[in-house]
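Sharing a structure below in structure tokens format, with a few things to ask.
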Amino acid sequence: MSNVPLLTFDGVSRHFGGLKVLQDVHLAVPQGGIFGLIGPNGAGKTTVFNLTTGLLAVSGGTIRYEGRDLAGLKPHQITRTGIARTFQNIRVFKEMSLLENVMVGMHSHLRYGAFGLLASTGLFRSEERRARDRARELLSWVKLDHKASDIADNLSYGEQRKLELARALATEPRLLLLDEPVAGMNSAEKTDLMAEIRNISARGYTVFMIEHDMRFVMGLCEHIAVLNFGRIIARGDPDQIRNDPEVIEAYLGREEDEAGGDAATVEGSAR
């Protein structure tokens, strides 16, 4: 894993009127590996993703990706820089096939344009073949290639999550943002997805995830940052985070901590 950050937040704040959702956040996501951002409900985690992907503008500070300031870029422009995202609420095209869903993610990288589409040129046909082949490959990564022709609405909840992951990869990102990827999943689905995310990371993608399931985060992420009331209160590896007094207090409250709350309880509290 490179020591050079892929994504950096430098003094980033986001205010909604008088409500300070993020306050002077400093964050560095290293290139390679799996990075986790955790925190209690309302800590500001999703706002971090919305700022990164251009859905919101910062109130102060700077967000840089590969050293480039993302200020002023629209969401589709940020996607083209190499950042892709999944959402807490599944967003797949349910009446389309799995193959078509993944191909949608490739549209910005296809070279034929409007004329090629209307005239069905040789370039259009070759690009469509390339897109189909790539879509099948990505579906195989998440073990859904055998259902490529199925309608997305017929998939289980966990399979729809994996389809959304394949579609995000179709945009050819270098940084993959996962917004609560195991929300609503059962234990078997979580274990399955954990293996898929590890495989994606091993292929050279940087994964940055926010998640409430502490056991999932601790079992997957090499580096973790903790957000509470819009501020970063801790950074470190899973063991450091488990035993950090501020983290224990953020999840359990001071009274529970003084009464004997421990790291094991912290793991369970965010599930």
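The values are calculated or read from the model by the stated rules, or taken from the named source; none is laboratory data. Computed from a predicted structure; not experimentally measured. Every residue, glycine among them, receives a Cβ derived from its backbone with ideal geometry; neighbour counts consider all protein chains shown.
Can you tell me which of Thr81, Thr62 is surrounded by fewer than 16 Cβ atoms within 10 Å (Cβ to Cβ), more than 13 Å from the chain's Cα centre (by Cα) and under 16 Å from Thr206 (Cα atoms)?
Result: Thr81 is the single residue among Thr81, Thr62 that is surrounded by fewer than 16 Cβ atoms within 10 Å (Cβ to Cβ), more than 13 Å from the chain's Cα centre (by Cα) and under 16 Å from Thr206 (Cα atoms).
Restricting to region 223-248, name every residue that is charged (D, E, K, R) and either closer than 14 Å to Ile38 by Cβ or modelled with pLDDT of 95 or more (or both).
Filtering region 223-248 down to residues charged (D, E, K, R) leaves 231, 235, 237, 239, 242, 244, 246.
Answer for region 223-248, where residues must be charged (D, E, K, R) and either closer than 14 Å to Ile38 by Cβ or modelled with pLDDT of 95 or more (or both): Arg231, Arg235, Asp237, Arg242, Asp244, Glu246.
Every residue, every condition in (1) of a type in the set (Asp, Glu); (2) over 20 Å from Ile210 (Cβ atoms); (3) within 21 Å of the chain's Cα centre (by Cα), yes or no:
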| residue | (1), (2), (3) |
| --- | --- |
| Trp141 | no, yes, yes |
| Ser149 | no, yes, no |
| Leu176 | no, no, yes |
| Val182 | no, no, yes |
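Then there's this: Checking Gln88 against (1) surrounded by 13 or more Cβ atoms within 10 Å (Cβ to Cβ); (2) assigned by TED's automatic domain parsing to the domain that holds Arg215, which single condition isn't satisfied?
It fails just one condition, (2).
Output the number of the condition that Phe9 fails; it satisfies all remaining conditions of (1) closer than 17 Å to Val207 by Cα; (2) touching a residue at least 60 places away in the same chain (Cβ under 8 Å); (3) surrounded by 17 or more Cβ atoms within 10 Å (Cβ to Cβ); (4) touching a Lys or Arg at 6+ places or on another chain (Cβ under 9 Å).
For Phe9, the failing item is (2).
Looking at (1) farther than 22 Å from Glu180 by Cβ; (2) touching a helix residue (DSSP H, G or I) at 6+ places or on another chain (Cβ under 8 Å); (3) basic (Lys, Arg), can you tell me which one Arg14 breaks?
For Arg14, the failing item is (1).
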